[in-house]
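Reading through the structure tokens given below for one structure.
The values are calculated or read from the model by the stated rules, or taken from the named source; none is laboratory data. Note that the coordinates shown come from a computational prediction; the quantities given were computed from them, not determined experimentally. Cβ atoms come from the backbone with ideal geometry, glycine included; neighbour counts cover every protein chain shown. The accessibility values were calculated without ligands, DNA or RNA, using every heavy atom of the protein model including side chains. Shrake-Rupley method; radii C 1.70, N 1.55, O 1.52, S 1.80 Å.
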Amino acid sequence: MAREGSGHAQFITGTDRMQPKVMQSLRFALQPAVDNISVNWTVPEGVTVDMLSPPINTLFQGQRALIHAQIKGQSSGKTEGAVTVKYRLKDQPVTNQLQFTLKPAEDTGLTIHRLAARSVIRSLELEERAGGADTENIRRRIVELSVQAGVSSVYTAFIGINKDSKQTVKGPLLQRSVPVSRECVYMMAAFHGGGARMCAMGAPAMMKCSARRKRNTQTSALHSCGPIQSNSMGIQCDSMSFEEEGEEGEPQKDPLLQLVSLQKAAGCWELNASLAAVFGKTEDEVTNQKTAQVEGSVWATVLALIWLYAYKSDQQDEWQFVAMKAASWIRSQKPDGLSQCVCDGNALLGSQVTEDTLEI
């Protein structure tokens, strides 16, 4: 879904927290993306370039893309080539060019070749999945590339070879059923043009695969394997909770989620007992330490920001938009005595967060 929608996919499994991944997807949706990507090659006469990677449609900030190509032929003249990448960012055209030599180093190894072969195999697997008249030829090509390059595919599998006898390790095939926890949920999000579409998907309940053994003495041999079968299991959730249970089964409220839920639509917090409880204080303790020059909402909002930066820095992906909105609200109030307010807040919460860190 994400690939076809020129978007980004996220997966949430097992005990993964949903919040940071949702926030990352939201950042992707809000930030400008690189699109209209094109790749052009400049090579001497007699040399050709075959693209091995599928076209790249979109790149989000923080992502990277690998492009594999096969350079074939021989040139009697120039030994240099160039690749030019053109794209658009914020509706502005951008061009990057890279020069390269056509004389490969002697110690390059096979790593790049295997990565390229894996890229071609992945494209062929997608092509076969889409259906067509050349299914058998596609499968034959996948197996051929897989065996030649020594990388796995849906139709091949590695087998064990005895190093001493150079013979295939023989024995009965064993089938293992590996159940997946019912708590496992995959979420996929596709973004394009600032819009978002989300879809929850059931996790596979079980994966099975049996490899066919063939007589071969090569240690890197790969042989045809039957297709992997998976039994899909639908998961229905009537409700979702991010709260953890205590020792006696009572739900323990996450202080971070409590703080976020107390934030007003404008971006501020009110000075009350619920907010004080998040800090592990009483309402009187928080009120008595308030800086005289600032009003209660400003004091409460500064305390909330200090607490986030001081004690929840490892979860910043989850609350950074909350902090941005709060800091914007504080700046709009233009309060007096803000520096003293930050000092008093650090003293109350036992922290050392600077005013610059809070961006207020």
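Please compute the per residue accessible area over segment 253-318 with all protein chains in place, 1.4 Å probe, rounded to a whole number of Å². Before the final figure, lay out the partial values.
Details: 3070 Å² over 66 residues.
Using a 1.4 Å probe on heavy atoms only, each residue of segment 253-318 averages 46 Å².
Near residue 116: Cβ cut-off under 13 Å, other residues only, Lys/Arg at +1 and Asp/Glu at -1. The net charge is +3.
Which order do peptides 266-274, 295-303, 12-20 fall in by mean Cβ count within 10 Å, highest first? If you can, show how the numbers build up before the last one.
Working: 266-274: 15.9, 295-303: 22.8, 12-20: 13.9.
Put in order of decreasing packing, that is 295-303, 266-274, 12-20.
Can you tell me the relative contact order of segment 22-135? Whole percent, Cα pairs under 8 Å, sequence separation 6 or more. Dividing the mean separation by the residue count of segment 22-135 yields 27 percent. Charge tally around residue 343: other residues with Cβ under 15 Å, Lys/Arg +1 each, Asp/Glu -1 each, net -3. Taking every Cα-Cα distance in segment 58-123 and sorting them into 5 Å bins from zero, the calculated P(r) comes out as 3, 10, 17, 20, 20, 16, 9, 4, 1 percent. Ligands, DNA and RNA left out, the accessible area of segment 304-352 computed with a 1.4 Å probe is 44% carbon and sulfur.
Rolled with a 1.4 Å probe across the full set of protein chains, the surface gives residue 359 an accessible area near 120 Å².
Taking 22 Å as the straight-line reach from the Cα of residue 86, none of the lysines fall in range once those fewer than 8 positions away in the same chain are excluded. Length gained on full extension, residue 287 to residue 110: 57.0 nm, using 0.36 nm per residue less the C-alpha separation. Annotation: lysines with alpha-carbon distance below 27 angstrom to residue 170 (same-chain offsets under eight excluded): 208, 214.
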